[in-house]
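**Student:** Let me give you the structure first, and then I'll get to my questions.
The values are calculated or read from the model by the stated rules, or taken from the named source; none is laboratory data. Just so it is clear, the structure is predicted and the values come from calculations on it, not from any experiment. Here the Cβ is made from the backbone with ideal geometry for all residues, glycine too, and neighbour counts use every protein chain on show. Ligands, DNA and RNA are stripped out before the accessible areas are found, and what is left, the full protein with its side chains, is counted by its heavy atoms. Shrake-Rupley method; radii C 1.70, N 1.55, O 1.52, S 1.80 Å.
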Amino acid sequence: MMPQLPIYYENGIEWTGENKGLLSVTGLPSLQVATPPEFGGQEGFWSPEHYFVAAVNACVMTTFLAIARLSKLEYESYQAQATGKLEKPEGEGYRITEIIIRPTLVISQSKDLERAGRILQKAEKQCLISNSIKAVVRLEPQILVANAGESIS
């Protein structure tokens with residue numbers, strides 16, 4: 001079933017003092033957000049930059065889960081680390097110019113090594129967050145076969 005478009009995702013933010021705020025969405029837990037320490041904020045808080053990179057990382061994962069389910073790919077685990085590169089290109093303002101996602105996927109059968117790689121690549125290409133931003137998003141996957149020691153990178 002395809003959802004009716006457009007879909008709107010809303011949230012609110014309230015300044016809570018100093019360089020901090022509280023993000024809220026109806027029906028979900030609120031999230032604290034603060035200016036990153038590199039720009040005068042405090043340690044120990046998620047920044048918009050963290051959330052930005054996390055949104056891409058989460059989107060790639062949820063897109064992978066959907067494609068893997070439709071493709072009937074058997075896997076045992078998925079985890080990923082993401083790194084966003086903040087720069088100030090000449091003549092421009094600060095921006096995240098690149099996000100590298102390093103998923104580790106453990107598949108059930110070695111016969112699925114190449115297919116799993118294709119599904120991961122497709123997930124990155126179809127991730128709606130990746131497709132909505134200027135930053136280049138690169139995938140650097142590692143796929144393991146449970147109890148086999150085989151991998152593809």
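**Student:** Residue check: is residue 93 at pLDDT below 95, more than 17 Å from the chain's Cα centre (by Cα) and at negative phi? Talk me through it step by step, then tell me what you get.
**Tutor:** Values: at pLDDT below 95: yes; more than 17 Å from the chain's Cα centre (by Cα): yes; at negative phi: yes.
Yes.
**Student:** Could you please let me know if residue 52 is open to solvent by 40 Å² or more (accessible area, probe 1.4 Å), among the hydrophobic types (A, V, I, L, M, F, W, C) and part of a loop (DSSP other than H, G, I, E, B)?
**Tutor:** Values: open to solvent by 40 Å² or more (accessible area, probe 1.4 Å): yes; among the hydrophobic types (A, V, I, L, M, F, W, C): yes; part of a loop (DSSP other than H, G, I, E, B): no.
The answer is no for residue 52.
**Student:** Still on this structure, I have one more. Determine whether residue 8 is open to solvent by 60 Å² or more (accessible area, probe 1.4 Å), in contact (Cβ under 8 Å) with a residue 12 or more places away in the chain and not hydrophobic (A, V, I, L, M, F, W, C). Let's see the steps before the verdict.
**Tutor:** On the way: open to solvent by 60 Å² or more (accessible area, probe 1.4 Å): yes; in contact (Cβ under 8 Å) with a residue 12 or more places away in the chain: no; not hydrophobic (A, V, I, L, M, F, W, C): yes.
When the stated conditions are applied, residue 8 does not pass them.
**Student:** Of all residues in segment 130-147, which are outside any strand (DSSP E or B), modelled with pLDDT under 90 and loosely packed, with under 13 Cβ neighbours inside 10 Å?
**Tutor:** The answer is 134, 147.
**Student:** Would it be correct to say that residue 123 is within 12 Å of the chain's Cα centre (by Cα), among the aliphatic types (A, V, I, L, M) and either surrounded by fewer than 19 Cβ atoms within 10 Å (Cβ to Cβ) or part of a helix (DSSP H, G or I) (or both)? Step through it out loud before you land on a result.
**Tutor:** On the way: within 12 Å of the chain's Cα centre (by Cα): yes; among the aliphatic types (A, V, I, L, M): yes; either surrounded by fewer than 19 Cβ atoms within 10 Å (Cβ to Cβ) or part of a helix (DSSP H, G or I) (or both): yes.
Yes: the conditions hold for residue 123.
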